[in-house]
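Below: one structure, written as structure tokens.
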Amino acid sequence: MAKKIALSGVKPTGAPHIGNYFGAMKQFVELQDEYDFYAFIADYHALNFIQNAEEMKENIIGVLLDYLAIGLDPKKVTIFKQSDISEHTELAWIFDTITTMPYLKRAHAFKDAEAKSKEISVGTFNYPMLMAADILLYDADVVPVGSDQKQHVEYARDTAEKFNRIFGETFKLPEAMILKDVATVPGTDGQKMSKSYGNTIPLFAEPDEIKKCVMGIVTDSGDGIPKNVYAIHNLLRPASELLPIYESKSGKYKELKEMLIEDLENFIAPMREKRKKLAEDVPGALAILRAGGEKAKKTASNKMTEVRKRIGVEL
Ligand code: AMP
Ligand code: TRP
């Protein structure tokens, strides 16, 4: 029986943090044996935020090295970059034509941007349609993401349904796959861990960086258990192991933080060292990206031929 298809993407907007890892990327590694997995670099999504060629290039290579360092095996996973497959933007346009403005205005990401009264680019407004194209081109069954992306996957599903209704059965309906116990990883201040809040612990942090981040965790608990320290620690060790320790060291924040620093270092060090090795051979990593792109292109262009026939532009 053919394997089910899983697909996910990460925007090349800078160094990933442990929230990205525990919320989404860890699942990629776990799914690569069971699924036919596509992991891509969402560079055209990132263009909404990164408008500097040097930075873009550096970030793209960054995500590629991140994927390999966390343990994605290019023999099992198709690793590619969105901008290499022009079908993504082509299909996004077609989706734009069957999508209404009021529907897109309901997207959380758009509403957040609007609430902050930012000047919103058309690209940001259309973001869910490009993401729908990313997913639907490959007939993905599941989309492993953090909980903040759930609505975007629903947009993809709705768009597939709408297209199928208008033009005939073409797209598979995808489902988001979200790790229940770590739906949202909290940052060092207890809010959602996010680059834009400055509360992250980088996934490939050096020892002194880990120390600085952990020492900065806000400890404002009344009952002796520093809840922000515990929440991050709980990503690395189960409650059954942690609770007795936290109870026996009640109120001893410094000791608990030192334990967390040690556990984080043990968890991060092997990936960090692997990433450094990979970074010594960027051409080798880029060859992986090229090979993945060739494979993705075949799948995407077959699908696009079908779409073009459906809408009546293939004569
Ligand atoms: P981004 O860097 O925004 O492209 O996010 C990459 C992936 O990490 C997405 O699937 C997000 O849902 C996930 N993610 C980002 N921040 C968190 C967080 N604090 N907790 C859980 N998942 C997250
Ligand atoms: N929107 C996702 C994020 O911000 C990145 C992304 C783009 C994605 N296209 C995708 C994730 C397709 C899963 C599937 O994290």
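The values are calculated or read from the model by the stated rules, or taken from the named source; none is laboratory data. Everything quoted here is computed from the prediction, not taken from an experiment. Ideal geometry is used to build each Cβ from the backbone, glycine not excepted, and the neighbour counts take in all protein chains shown. To get the accessible areas, we keep the full protein, side chains included, count just its heavy atoms, and leave off ligands, DNA and RNA. Shrake-Rupley method; radii C 1.70, N 1.55, O 1.52, S 1.80 Å.
For the range 301-315, take each phi angle, set θ = phi - 60°, evaluate the Karplus expression 6.51 cos²θ - 1.76 cosθ + 1.60, and give the result in whole Hz per residue in order, putting x for glycine and proline.
So the Karplus estimates, Gly and Pro as x, are 6, 4, 5, 5, 4, 4, 4, 4, 5, 4, 8, x, 9, 8, 9 Hz.
What angle do you read, to the nearest 10 degrees and between 0 and 90, between the alpha-carbon axis of helix 53-69 and the longest principal axis of the chain?
The angle comes out near 70 degrees.
Considering the chain as a Gaussian network with a 10 Å cut-off on Cα pairs, which listed residue, VAL63, VAL282, VAL185, attains the greatest mean-square fluctuation?
VAL282
Name the longest site-free stretch of the chain, where the excluded sites are GluC sites (Glu not before Pro) in a DSSP loop with no more than 16 other beta-carbon atoms within 10 Å.
The segment 170-279 is the longest one with no such site.
For PHE167 and GLU209, what is the calculated FRET efficiency with R₀ set at 51 Å and r taken between the beta-carbons, to the nearest 0.05?
0.50
Would you work out what percent of the accessible area of the chain, with all protein chains in place, is carbon or sulfur (probe 1.4 Å)?
Result for the chain: 53 percent of the exposed heavy-atom area is carbon or sulfur.
On average, how much accessible surface per residue is there in the range 165-263, in Å², for a 1.4 Å probe, leaving out ligands, DNA and RNA?
That works out to 54 Å² for each residue.
Relative contact order of the range 195-276: what whole-number percent is it, with Cα pairs under 8 angstrom and at least 6 residues apart?
36 percent
At a threshold of 8 angstrom on Cα-Cα distance, excluding pairs fewer than six apart, so keeping six or more, what relative contact order does the chain reach in percent?
22 percent
For the range 39-95, state which trypsin sites (Lys or Arg not before Pro) are in a DSSP loop and have at most 10 other beta carbons lying within 10 Å of their beta carbon.
LYS75
Past the 18 Å Cα-Cα mark, which pairs from LYS75/LYS172; LYS81/LYS295; LYS150/LYS192; LYS4/LYS81; LYS57/LYS212?
Pairs exceeding 18 Å: LYS75/LYS172; LYS4/LYS81; LYS57/LYS212.
Under a point-charge model restricted to the Cβ atoms of Lys and Arg (+1) and Asp and Glu (-1), what is the dipole moment magnitude of the chain relative to its Cα centre, in debye to the nearest 20?
Its charge dipole is roughly 440 debye.
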